[in-house]
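Read the figures in this text as sums done on the coordinates, not as results from a lab. Since the model is a prediction, treat every value here as computed from it, not as a measurement. Here the Cβ positions follow ideal geometry from the backbone for every residue, glycine too, while neighbour counts run over all protein chains shown.
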Amino acid sequence: MTPIPADLKETVEDNLRRICNFGTGSHEESSGSSESSQTSASASSTSTRQDLSLSLKFCADGQHDIPTDTISDTCSDVSRYDTINDVPPTIPVNKTRKKHQLSQWSVGSKLLLGVFIGIPGLVVLCIMYPGVCLLLEYRTMFGSKAPVTISPAHGVVSAHTSVLMPTKLDTISHEPEALYDDFDYQFKTYRPNPKLKASLSQNPIRLLVVGDSTARGIGHQKSCYSTMPETMGAVLSKHFGGRPVFWTAFGEPGATMTTLAKQVQRSATHVSGDVLDREDNGDEPPSMQEFHELHKTIANAGTSNSTADTDFASWESNDNHYSQEQEQWIEKLQYHERLYNANPFTGYDYIVALSGANDIKSFVVPFLVDDDDGDGDNDHTSATGSISNEWGFKGDLNRFVRDLNRISDFHNQVCTQKDSSECTSENNESNHVPYIILPSFPVKHVPLKSGAILRWMAIKCNGILDGFKKILENENPDQIFAAPSASDQAIRDFLDNKGYLADALIEEHVKLRLVHTNGKVCRDLVKELESFYSNNIATRESGTLFPELFSSDAVHPNDLGYDFFGRHLGSMVIKRWKD
């Protein structure tokens, strides 16, 4: 609104003055005036009011506004305006009426706003309150006081169906509970035979399982390390004719996809100009080329038949000495660990990224989940140094895959440092990229008592995350596999010791299980795990399916559950390749 012009202001003030004076004069003259004078006064009053109406209406059209001071100064007795009953209703001079109408509208708007905010707020409260209580209860019972398995864990496994007649050497097996205190490398299973000896020279497969507490192996009671990658590797080894699978598993409880993306980003920054930094001792970093050369060297060395007899005598006498073939397996496993120490995300054929459960928790109760892995870096900077505008779970997935691909040419690092004539086409795998597996976590089967609303919300959120994984698979079908959960029927068949999962791996097919762990440390940790999970049991939801696959915390798989998931992932990868 603009101020009233000076000339119009004078006209309005004059009209106001006339109507005020007329109102005074009309009361004084009404008693003794003649009929003609009253008629004249009425006509004058009508004319004056019309002038006033025209002046005020010009202001009421939205162009000008009459200050209250102007009306008060011109007509001191405001009550005289009560005699003006025919002023048009469009004149905006009654600000009290406006405020009254505004207050009435505010009541209705507040009520409507309360409905729109209150109902969603009530739903959020119904979800967040049980979620907070559940998380706090879990942390109280199974939080920092719970023992955790060894991480990182390294091992090698070989499995095959021998077409040869079994020999007495083929029947030798080292049971899992028999661990040597003085040794750091334990042969939990060792059935020496010609096929196992031949696998020493076969092209090795490297498997990495990384992620949250399931990658760490939380929930185990009979193993000091995560056995899921070992089982998955055994299924793959059997499918590939006994090729040894060197596996590594590491994870942190509470890790999200954001955590994994940051870990890969830091690993990618270790690669400068496609050449890894030297090791701490100044030696050249290990490479996959040398890893393959190590296999060829062992194959060419050979082993006499008398050595096999020595193997049998060694295990019969339990003299705590490794045989020559066992030392060769240990040497290869040590080199696999050197590759991991140089860069934990490079040189793998298969990478399993376990994430999703903590991402759901970060959505439901974000203030109780910390996805920072301790480096203090919370931005979306990629390994190349540029700032990414991607955010959320899908953005973390994309950064995770891109940075893995950026450092995947670690297979050819030696060829960038040595003379090119030493790089043969057989060893040059610069185009090699890992096959990334993104499993779906079976949220609907988790037996923890959580309530219908929270369980429904968790299942829906898990479906959304699986959808992002599927989108990424569709964009990169040759490299990424969004592994689905096993069907209920497949789980029932497995528990009944039948079906394709039971047939995927038979214990007699496993010829070698070698793991890097101290015998005494592992045995003491297993005792601690058994004692803790026996004394701490979470409340379970009634009616949930397959509770026998989960540990006493009713969240993580138990030993049988990890064996099941390892078989399932290995079988899914094989089926994927066949399809």
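For the listed peptides 189-199, 526-536, 394-404, a ranking on the average number of other beta carbons within 10 Å per residue, highest first, reads 394-404, 189-199, 526-536. For segment 441-508, the Cα-based Rg and Dmax, in that order, read 15.6, 45 Å.
Please compute the alpha carbon radius of gyration of segment 200-250, then divide it by the globular-protein estimate 2.2 N^0.38 Å. Two decimals is fine.
Numbers: Rg = 11.9 Å, N = 51, 2.2 N^0.38 = 9.8 Å.
The value comes to 1.22.
A simple packing score, the average count of other Cβ atoms within 10 Å per residue, orders the peptides 113-121, 500-508 as 500-508, 113-121, with the highest score first. Spatial offset of segment 559-579 relative to segment 467-508 amounts to 5 Å, using the alpha carbon center of each.
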